[in-house]
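Nothing in this text is a laboratory measurement; each read-out follows from the coordinates by a stated rule. Given the structure is predicted, the values throughout are model-derived calculations rather than measurements. Neighbour counts run over all protein chains shown; Cβ positions are idealised from the backbone, glycine included.
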Amino acid sequence: MAYERGQGGAESDMVDVVASYITSHYRQNLELKELAALAGCSVRQLQRRFKQEKQLGPMEYVIQLRMENASRMLRHTDASIGEIADKLGYRDMYYFSRAFKKYVGVPPLHYRHAAASRRDADYAKALLQNRTASSYESAQGPVICHMQGEYTVTETPKRIAVLDVQYADHLLGLGLSPAGSVGVGSSVLSFPQSLRTGLQHTELLGTYEYPDLPAVERLAPDLIICTEVQDEHHERLSQIAPVLMFKRNENWQTILSLFGELTGKRDEAKQIIADYHRRTALLSEELAPVLAGKSVALIRPLDSLVRVHSAAHRTGAVLYRDLGLFVPLFVADTSDTAYHISVERLPAVQASHYFLLSNQFMQDGISATEQRVLGMLDGAERQHVHSVDAATWIGCYGPMGNNGIVDQIAQALLG
């Protein structure tokens with residue numbers, strides 16, 4: 001967004017303008033008089049009103065953003081203290097260390113070491129709290145808790161059938177291939193393009209909405225992994241092989257960790273997750289000055305409407321939580337995963353960039369609704385519409401799919 005000097009408008013607007021400017025420029029050397037000039041008021045007026053709305057002053061807000069990002073980089077990257085200080089606008093590493101200790105309570109290096117130790121404990125606690133996707137150790141081996149009960153891993157399964165393509169993504173990420181997997185498409189079924197190489201010897205088992213149960217029977221798997229979408233088939237599936245059922249929107253890192261337990265690849269799963277956090281933390285820092293506060297929308301044209309995804313959506317979380325991209329105010333409310341609007345209302349989203357979830361990769365050309373979407377945006381806006389494969393961005397919710405999404409975001413926004 002463009003930042004303009006205040007013209008004596010509402011005081012809440014003044015605070016919003018300054019807060020947005022700080023969010024985009026907190027790595028720079030900001031001064032109160034500069035922020036007050038931006039708001040079109042005195043320094044005293046800005047401090048009073050900002051504190052009323054944000055419960056802290058403008059410069060305290062700058063420090064808060066710096067320390068939040070410093071904490072993230074300390075947890076998820078191996079950047080040195082000096083590198084982190086420099087990225088956040090501190091030219092003196094020792095001054096940064098003192099500021100960090102004052103804000104957090106411990107020096108940066110102690111925080112990093114404590115965070116590494118705490119990570120395993122937090123993960124174990126989260127698993128215990130979520131009994132529908134968790135694990136614990138027993139004398140017989142790891143026990144996987146799922147929506148239909150518990151499964152004790154007495155031996156590593158060799159022939160796994162997965163009834164959601166995201167689980168194929170998880171197994172491939174761990175260097176394994178499922179014996180069978182559902183695919184995507186309507187008239188012609190196939191595996192998502194990003195996964196096809198790894199699934200060359202995998203049997204196609206229908207789609208997640210309509211699994212091919214006779215094909216599952218012929219496959220004779222020793223384990224079936226599905227979601228609540230296939231609940232109506234649970235009894236029949238259980239007659240074929242043991243069944244693990246998870247919520248379709250369960251956090252991918254939780255599922256990957258459980259797959260690591262299931263397949264004897266616990267360390268590999270932990271490393272994949274750590275690498276993803278490190279990668280997104282570094283990319284977030286790289287994107288911030290390029291976007292400079294401009295918002296990014298995630299949209300999906302449907303038959304006659306446009307779905308605008310919020311940060312509550314699992315793919316939206318990659319953009320807005322993991323990479324720290326700005327959510328358009330239009331979908332700032334995260335009480336739902338998406339909001340449906342008419343094509344004509346699309347300009348009201350007012351995003352600077354649009355990632356358009358397209359089905360053209362499974363069809364011949366783009367749909368009529370997608371054409372209407374492009375027609376509603378002016379020439380400058382159309383230059384910032386990035387068409388991406390809906391099947392991959394929505395269906396492949398796993399380490400390979402999400403890293404692919406991050407690749408495409410970096411390519412689109414950094415060039």
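Observations on the model:
- J(HN,Hα) series, the stretch 218-229, from Karplus relation 6.51 cos²θ - 1.76 cosθ + 1.60, nearest Hz, glycine and proline x: 5, 5, 6, x, 9, 7, 10, 10, 9, 10, 5, 4
- For the pair A410 and S238 in one chain, pulling the backbone fully straight at 0.36 nm per residue adds 57.6 nm over the alpha carbon distance.
- Interchain or long-range residues, amide H under 5 Å from G183's placed H: L205, G206, T207, Y208
- Cα shape, the stretch 227-323, gyration tensor, a/c 1.5 rule: oblate
- Working note: Cα gyration tensor of the stretch 135-213, eigenvalues times five, square-rooted, sorted largest first, giving semi-axes of 27, 14, 10 Å.
- Overall form of the stretch 222-262 per C-alpha gyration tensor (a/c, 1.5; a/b vs b/c): oblate
- On the beta carbon distance between Q28 and K247, with R0 = 35 Å, the FRET formula returns roughly 0.25.
- Label-to-label distance, H340 versus D86, with points set 7 angstrom from Cα along the beta-carbon direction: 5.2 nm.
- Shape class for the chain, computed from the alpha carbon gyration tensor (a ≥ b ≥ c): oblate, with a/c not under 1.5 and a/b at or below b/c.
- Of all DSSP-defined beta bridges confined to the chain, some 45% are antiparallel rather than parallel.
- Given charges at Cβ of Lys, Arg, Asp, Glu: the chain dipole, positive-most of L74, H234, A317: L74
- Karplus (6.51, -1.76, 1.60) ³J(HN,Hα), θ = phi - 60°, over the stretch 239-248, in Hz, Gly and Pro reported as x: 6, 8, 6, x, 10, 9, 10, 10, 5, 4
- S304 versus E217: modelled label distance in nm, points set 7 Å from Cα along the beta carbon direction: 4.2
- For G40, residues with placed amide H under 5 Å, excluding near neighbours: G6
- Amide H to amide H distances under 5 Å link E250 with no residue, where only residues 5 or more positions off or on other chains count and H is placed in the peptide plane.
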